[in-house]
Amino acid sequence: MINITGLIGTLIPVAIVLLLFLSGVRIVNEYQNGVVFRLGRFVGLKRAGFRWLIPFVERMVIIDLRTVARDVPPQDVITRDNVSVKVSAVVYFRVIHADKAVLQVEDFLYATSQLAQTTLRAILGQVELDQLLSERDRVNRDIQRVLDAHTDPWGIKVSNVEVKHIDLPVEMQRAIARQAEAERERRAKIIAAEGEHQAAEKLAMAADVISRNPATLQLRYLQTLVEITTGGNHTILPIPLDLLHMVGLHRPVTGMAGRPGDGQGAEEEEGPSLGGMSS
């Protein structure tokens, strides 16, 4: 009995020491940092690996260093041109200094989320709707820069901000659709006018070529007749171009007579055109 009592008396202190040792064991993962407090005072950081704390004296707060993605709830924003839109976004950030994330702010996740909402409303209120729709990359960079500057004292790095959805009123959607339709019509008219201008230039060049060589006009005339006959049954009475040319060159001769007092007669009346046809 004496040996058993002595053995139990030896094992109890050993068990107590072992429990105290095990209660101070901490395992820190590779993507984590531990902020250690000793009797309420900050004493340092614990990196990844096996770590032991003094039981009942030291306390460690584990901080995740991986990138965190947080949705920004839809925010009602009035743009610079007084258009009311509802915008939602997502923020990507990570903890760079674990000690600041614990010592400088109570809950860095909640604080960053709230700051992202207010920054989103402030930045989008300074841009117009067209800029918000067409220059989204620049707007994202502006929000990220402002948000990163405010979270830097907390040891947090905001790596990216993305505006992922813009909810426009129905009336504004209709107005944008009408604007896009008018823009398409304007482009179509400009393209048609440019085509007419280019065609006119080509026709002028073709006329210059034909005027230098009369035979080309005859060939073009024959080609036109061929194109007409391919469309169906037609009766064509070809007229020689030489005859048309002679009729076109003939002009009535105006005789000149002397004026009264000079011994000359009055001007002769203009005679009828030889190229005319009478019914």
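The values are calculated or read from the model by the stated rules, or taken from the named source; none is laboratory data. All of these numbers come straight from a predicted model, not from anything done at the bench. Methodologically, a virtual Cβ is constructed for each residue, glycine included, from the backbone with ideal geometry; neighbour enumeration extends over all protein chains shown. Surface accessibility is based on the protein's heavy atoms, side chains included, excluding ligands, DNA and RNA. Shrake-Rupley method; radii C 1.70, N 1.55, O 1.52, S 1.80 Å.
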Once amide H atoms are placed 1.01 Å from N in the peptide plane, what residues at a sequence separation of 5 or more from V68, or on another chain, have their amide H within under 5 Å of its amide H?
F93, R94
So what are the ³J(HN,Hα) numbers for the stretch 198-211, from phi and the Karplus equation (6.51, -1.76, 1.60; θ = phi - 60°), rounded to whole Hz, Gly and Pro as x?
5, 5, 5, 5, 5, 5, 5, 5, 5, 5, 4, 5, 5, 5
Sort S23, S134 from largest to smallest accessible area, using a 1.4 Å probe on the heavy atoms of the protein chains.
S134, S23
Taking amide H positions as placed 1.01 Å from N in the peptide plane, with prolines and chain starts having none, which residues 5 or more places from K46, or on another chain, fall under 5 Å of its amide H?
G34, V35, V36
Could you sort the peptides 114-125, 27-38, 203-214 by per-residue average Cβ neighbour count (10 Å cutoff), highest mean leading?
114-125, 27-38, 203-214
Highest-first arrangement of 187-194, 135-142, 163-170, where packing means the average Cβ count within 10 Å:
135-142, 163-170, 187-194
Rounded to whole Hz, the Karplus (6.51, -1.76, 1.60) HN-Hα couplings of the stretch 53-67, x for glycine and proline:
10, 6, x, 6, 10, 10, 9, 10, 9, 8, 10, 7, 9, 6, 5
Have a look at the stretch 58-177 and give its Rg and Dmax from the Cα atoms, expressed in angstrom.
16.4, 65
For the stretch 59-209, the accessible surface attributable to carbon and sulfur atoms (probe 1.4 angstrom, ligands and nucleic acids excluded) amounts in percent to 51 percent
Table column - 3J(HN,Hα) (Hz), the stretch 170-185, Karplus curve with 6.51, -1.76, 1.60, x for Gly and Pro:
4, 4, 5, 4, 5, 4, 5, 5, 5, 5, 5, 5, 5, 5, 5, 5
For a quick check: with amide H placed at 1.01 Å from N, whose amide H comes under 5 Å from N160's, ignoring anything fewer than 5 positions away on the same chain?
Y92
